Amino acid sequence: MERNADRTRKRILVAATEEFAARGIAGARVNRIAEEAGCNKAMLYAYFGSKDGLFDAVFTAYVDAYLGAVGFDPANLAEYAGRVFDYFEERPEHLRLAIWYRLERPSGSRLEAILAVNKSRLGDLEQAQRSGVVPAHFTAVELLALLQAIATSWSSMNPEYGAAVPARADRRRAVVEAVRRLVSA
């Protein structure tokens, strides 16, 4: 079989996404990732430098996929929250990656992809507040934190709620309505 560097990198990223989502950065094992990707550890290190470098590549790819699927429109934050809800409902492994990132890298080196998207979304929110499209009863960073918390709130419910947790469509409707009320003037 002919070697294909791009195909190998993609296989490594897929395997690493699964491993990091399941076990976090500290719990992930390069041996398992290499085995699942069908390559050796040396190849993984040649492409990504280290386990941390591999996680950074995985997380950056996740951010790119997230942004492409969800977008951001400060003029319709309720539907934005609905799209965030949908994204993570359909890709729970990506939500786990984001949680692991926050847990294991609270003060580590910052990823350029995260810095850029945060700067862009905060700038858009601030502009929307200045123009009166979005009320200014919260700062842009407070509002963004609340939007993300509301959109992902159902994933943090204790399993003991069981049958009391509404169906997906009702959970989404609650997210959208909560954000609609949050940003109403």
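Pop out the carbon and sulfur fraction of the accessible area of the chain as a percent, whole number, probe 1.4 Å. Please report the intermediate quantities before stating the final value.
Details: 5560 of 10430 Å².
In the chain, the share of accessible area belonging to carbon and sulfur is 53 percent.
What FRET efficiency comes out for residue 73 versus residue 35 if R0 is 41 angstrom and r is the Cβ-Cβ distance? Round to the nearest 0.05.
0.45
Please work out how much length the chain gains when fully extended from residue 116 to residue 99, using 0.36 nm per residue of separation minus the C-alpha to C-alpha distance, in nm with one decimal.
Full-extension gain reported as 4.2 nm.
Could you give the accessible area per residue of region 50-180, probe 1.4 Å, as a whole number in Å²?
With all protein chains present, region 50-180 gives 53 Å² per residue.
So what is the relative contact order for region 33-185, in percent, with contacts set as C-alpha pairs under 8 Å and at least six apart?
Relative contact order for region 33-185 comes out at 32 percent.
Using only the alpha-carbon atoms of region 44-152, report the extent along each of the three principal axes, biggest first, to the nearest angstrom.
If we take the Cα atoms of region 44-152, the spans are 50, 27, 22 Å.
Report the full-extension gain for the segment residue 141 to residue 163: residue separation times 0.36 nm, less the Cα-Cα distance, to one decimal in nm.
Taking 0.36 nm per residue and subtracting the Cα distance, the gain is 4.5 nm.
Just tell me which lysines come within less than 25 Å, Cα to Cα, of residue 10; anything on the same chain fewer than 8 places away is out.
41, 51
Based on the alpha-carbon gyration tensor of region 94-165 and its eigenvalue square roots a ≥ b ≥ c, which shape applies: rounded if a/c is under 1.5, prolate if not and a/b is larger than b/c, or oblate?
In terms of gyration-tensor shape, oblate.
May I ask you to list the residues of region 43-73 whose amide nitrogen lies under 14 Å from a point 7 Å from Cα along the Cα→beta-carbon direction of residue 131?
73
With each run of n ≥ 4 DSSP H residues scored as -39500 (n - 2.57), what mean residue ellipticity at 222 nm is computed for the chain after dividing by its residue count and rounding to the nearest 500 deg cm²/dmol?
Mean residue ellipticity, 222 nm, calculated: -23000 deg cm²/dmol.
Calculate, in nm to one decimal, what residue 10 and residue 177 gain on full extension: separation in residues at 0.36 nm each, minus their alpha carbon distance.
So the chain would gain 56.3 nm between residue 10 and residue 177.
The values are calculated or read from the model by the stated rules, or taken from the named source; none is laboratory data. Owing to the predicted nature of the structure, the values given are computational and were not obtained by experimental measurement. All Cβ positions, glycine included, derive from the backbone under ideal geometry; neighbour counts span all protein chains shown. The protein model used for the area step is the full one, side chains on, heavy atoms only, and it has no ligands, DNA or RNA in it. Shrake-Rupley method; radii C 1.70, N 1.55, O 1.52, S 1.80 Å.
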